[in-house]
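Colleague: Starting off with a structure, shown below.
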Amino acid sequence: MPESILERLNEGVVLGDGGYLLALENRGYVQAGPFTPEVTIENPNALLALHEEFVHAGAEVLQVLTFYASENKLAQTGYAGRLEEINRAAVMIAREAAAGRALVAGNICLTWKYPESEDECRRLFDAQLGYQMAEGVDFIIGETFLHVGEALIALECARKIGLPVVITMAFEGPETRDGKTPGEAARMLEGAGADVVGANCWQDPTFMLPAIEQMREAVTCHVAAQPVAYRCTPEVPFFTGQPGFPDKLDSFKISRYEMGDFARKALDLGVNFIGGCCGCEGSHVRQMARAIGKMPAEEREWDADYGKPQSATEAYRDIREQSGAAPVG
């Protein structure tokens, strides 16, 4: 695998990973609500296992789990004094899981301090990036920005490092909180030096695709898309506003096949970096890998005999077909 994310993107579409915090909350390692990533030091093996699950599913990039690993967010759960330890551990765990099979992306995200204090945003970003760089990452992803203004600050801080930078916005509706359309936001970020622009989190595939299409049409740089695997509604087109958020989202989950369909549609639009965010687990990533030609439809052949069944798959095929259920995939 080439060392640079830009080399990989120039060769063809790159498959990203899925979501971490909600998956680890489901497993009992992260607290719903604050969603701070102290799991990196309290239960590192749980995070390692999830990283390895994504690699096994076909992910070619692992993001370090430093979303909400800024000083202000960690202070909410009593971990502000362990900022360095948490950020460094996140990189080391991702590196161990990647083991040369995937690139490792450093990560910063919205701080909830913008627009009140741009200087505070810079301070928080610089602190995280410094600790992550000390352990070694391949490129930087700045994600889930509701304001283009904060995304531009994150880009400014990340570009000082000298690595490629991906910046992705989160949309609550047709515009950012500072009144920019997806196309306008993409042009501003590309103009400020982002190597890859796009959208992640907040919206499911149905609502993200139109935003991504606008971004693709607006820029010449690479475009990224990583939607959530939780269903949104026209009334509230972002999952954090659904009545099930933060810990009653089971009934909102979308299937692996819907994520696979998204991956194919995104590829057709010219999206270069495709993955998932909250709710997107190994099965979703694997189906996306299959949808965009990164993995065969079946991992191994099996000798099926529907006349002499040896599994429920064989035994009940007729019943399933008679029910009129539409095939999946």
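Colleague: Hey, among Gly279, Gly244, Gly260, Gly307, which residue is of a type outside the set (Ser, Thr, Tyr), outside any helix (DSSP H, G or I) and either within 21 Å of His56 (Cβ to Cβ) or touching a residue at least 24 places away in the same chain (Cβ under 8 Å) (or both)?
Modeller: Answer to the selection: Gly279.
Colleague: Determine whether Ala98 is closer than 20 Å to Gly276 by Cβ and free of Cβ contacts under 8 Å to residues at least 60 places away in the same chain.
Modeller: yes
Colleague: Is it the case that some residue within segment 175-183 is in contact with a Leu (Cβ under 8 Å, 6 or more places away or on another chain), surrounded by fewer than 24 Cβ atoms within 10 Å (Cβ to Cβ), touching a residue at least 12 places away in the same chain (Cβ under 8 Å) and part of a loop (DSSP other than H, G, I, E, B)?
Modeller: The answer is yes, given that some residue of segment 175-183 is in contact with a Leu (Cβ under 8 Å, 6 or more places away or on another chain), surrounded by fewer than 24 Cβ atoms within 10 Å (Cβ to Cβ), touching a residue at least 12 places away in the same chain (Cβ under 8 Å) and part of a loop (DSSP other than H, G, I, E, B).
Colleague: Would you check if there is a residue in segment 105-125 being in contact with a strand residue (DSSP E or B) (Cβ under 9 Å, 6 or more places away or on another chain), over 19 Å from Phe35 (Cβ atoms) and open to solvent by 10 Å² or more (accessible area, probe 1.4 Å)?
Modeller: no
Colleague: Moving on to the next point. Taking segment 1-41, which residues are open to solvent by 20 Å² or more (accessible area, probe 1.4 Å), outside any helix (DSSP H, G or I) and among the hydrophobic types (A, V, I, L, M, F, W, C)?
Modeller: Met1, Val13, Ala32
Colleague: Which residues, taken from segment 238-276, are crowded, with 20+ Cβ neighbours inside 10 Å and touching an Asp or Glu at 6+ places or on another chain (Cβ under 8 Å)?
Modeller: Result: Phe238, Phe239, Ile254, Gly275, Gly276.
Colleague: Confirm whether Lys294 is modelled with pLDDT of 95 or more and in a loop (DSSP other than H, G, I, E, B).
Modeller: Yes, satisfied.
The values are calculated or read from the model by the stated rules, or taken from the named source; none is laboratory data. The shown structure was predicted, so the numbers you read here are calculated from the model rather than taken from an experiment. Glycine also receives a Cβ, built like all others from the backbone with ideal geometry; neighbour counts cover every protein chain displayed. To get the accessible areas, we keep the full protein, side chains included, count just its heavy atoms, and leave off ligands, DNA and RNA. Shrake-Rupley method; radii C 1.70, N 1.55, O 1.52, S 1.80 Å.
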